[in-house]
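**Student:** Quick one: the structure is below, and I'll ask about it shortly.
Each value in this text was obtained by applying a stated rule to the coordinates, not by laboratory testing. The structure displayed is predicted, hence computed values, not measured ones. Here the Cβ positions follow ideal geometry from the backbone for every residue, glycine too, while neighbour counts run over all protein chains shown.
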Amino acid sequence: MAKQSFKNFIAGVLETSKKIIAEVEKTKDLTGEEKKKRLDDAIIVFIQANISKYHFFVRFAINKLVIPYVADFTQAIFDLLKARIKGVTEEPEKTEKPADANKDTKTKGNTKNEGAQE
């Protein structure tokens, strides 16, 4: 049960991060640093509000090992959201015509060199 609830906790942090990133990106009057600070503060508040049900040692570990690095975590989440990861992120199909698509249909399939004598 503890493993599942911690998994839900992490999922909640990620979902909250996505929502807040979307909200602050819409705000045009804030600088990038102000947007980042707003995101980091909201994530810290979310974490502190949701760790109360965990054992003392887990809360201590989160306070000492997670909260000081929230800025790094949120930056990584932001980078992943905007990144196109080759081999992972699907790329739109290219609608480029094959090189021989513009050739005359009479010459298509005719591979014999007509100018040469046999």
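**Student:** With a point put 7 Å past each Cα toward its Cβ, work out how far Y69 is from F57 in nm, to one decimal.
**Tutor:** 1.9 nm
**Student:** Let me ask you something else. Using the 2.2 N^0.38 Å rule of thumb for compact globular proteins, work out how the stretch 1-54 stacks up: its C-alpha Rg over that value, please.
**Tutor:** Working: Rg = 13.1 Å, N = 54, 2.2 N^0.38 = 10.0 Å.
Rounded to two decimals, the normalised Rg is 1.31.
**Student:** Can you pull the one-decimal nm distance between simple spin-label points at L81 and A22, each 7 Å off the Cα toward Cβ?
**Tutor:** 0.9 nm
**Student:** What does the charge dipole of the stretch 1-84 about its Cα centre add up to, to the nearest 20 debye, if the Cβ of each Lys and Arg holds +1 and the Cβ of each Asp and Glu holds -1? Could you put the intermediate results ahead of the total?
**Tutor:** Details: 15 positive and 10 negative charges, 63 e Å.
The dipole magnitude comes to about 300 debye.
**Student:** Here's another thing I want to ask about it. So how far apart, in nm, are the two label points at D29 and Q48 if each is 7 Å from Cα heading toward Cβ?
**Tutor:** Those two pseudo-labels are separated by 2.6 nm.
**Student:** Here is a follow-up. Two decimals, Cα atoms only, Kirkwood Rh: what is Rg/Rh over the stretch 26-86? Display every interim value, and only then the final one.
**Tutor:** Working: Rg = 14.1 Å, Rh = 13.1 Å.
We get a ratio of 1.07 for the stretch 26-86.
**Student:** Holding the Cα-Cα limit at 30 Å, pick out from K18/K53; K53/K82; K7/K35 the pairs that are longer than that. Intermediate values should be presented prior to the final figure.
**Tutor:** Numbers: K18/K53 24 Å; K53/K82 33 Å; K7/K35 27 Å.
Result: K53/K82 exceed 30 Å.
**Student:** By average Cβ neighbour count within 10 Å, what is the ranking of 46-56, 26-36 from highest down?
**Tutor:** Working: 46-56: 12.9, 26-36: 10.4.
Answer by packing, highest mean first, reads 46-56, 26-36.
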